[in-house]
1. Compute the signed sum of charges (Lys and Arg +1, Asp and Glu -1) over the other residues within less than 15 Å, Cβ to Cβ, of Ala78.
2. Any chance you could run the full-extension gain for Met21 through Ala103? It's 0.36 nm times the residue separation minus the Cα-Cα distance, nm to one decimal.
3. For Thr50 paired with Glu129, estimate the spin-label separation in nm (one decimal), with each label point 7 Å from Cα along the Cα-to-Cβ line.
4. When a/c is below 1.5 the answer is rounded, else prolate if a/b is larger than b/c, else oblate, so apply that to the range 48-102 with a ≥ b ≥ c taken from the square roots of the Cα gyration tensor eigenvalues.
Amino acid sequence: MDDINGDVWDLDHDDVTTERMILERTQQKLKREFTNAGYRAGLDASKATTMQEGFDQGLTHSIPHGQTAGTVLGALVARRTVCQRLGTVCPPQVDALIMRLRALKHTQALSETATDNGPTTESFKALVEEANAVLHTVSE
């Protein structure tokens with residue numbers, strides 16, 4: 001139990017070297033863990049900021065399109081209902097436009113390029129103009 005000098009706490013060269021190696025490994029491990037944790041925290045913070053900015057921008061652009069589509073769709077459905085209640089014939093474009101507006105996806109209406117043969121912002125505007133023209137002829 002005792003070494004040559006009788007001191008239990010006296011470490012020889014091999015013991016000191018071993019402890020230094022353990023200390024260095026522990027420090028390297030802690031450094032890696034803190035680096036990884038810091039990287040993940042920075043990535044999470046960056047994602048949150050970027051996603052919020054993207055959401056805000058998308059919301060700002062999509063609200064007017066959604067309001068326009070909802071207004072036109074509501075007017076077309078109202079016209080069709082009035083025609084049905086009065087027993088008059090609505091132009092066949094009314095039902096077709098209602099179906100096209102209901103099938104519209106927001107990502108397509110805001111896209112500058114067509115995806116899966118879906119409409120773009122320009123074709124969305126053309127659809128709204130076509131619906132307004134039909135509404136105008138129905139109301140006359």
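Throughout, read-outs are computed from the coordinates displayed, never taken from laboratory work. Treat the numbers as computed from the prediction; the structure is a model and nothing was measured. When we count neighbours, we look across all protein chains shown, and the Cβ atoms used for this are built from the backbone with ideal geometry, even at glycine.
1. Local charge sum for Ala78: +3.
2. 22.8 nm
3. Computed distance between label sites Thr50 and Glu129 equals 3.7 nm.
4. Because a/c hits 1.5 or more and a/b exceeds b/c, the range 48-102 counts as prolate.
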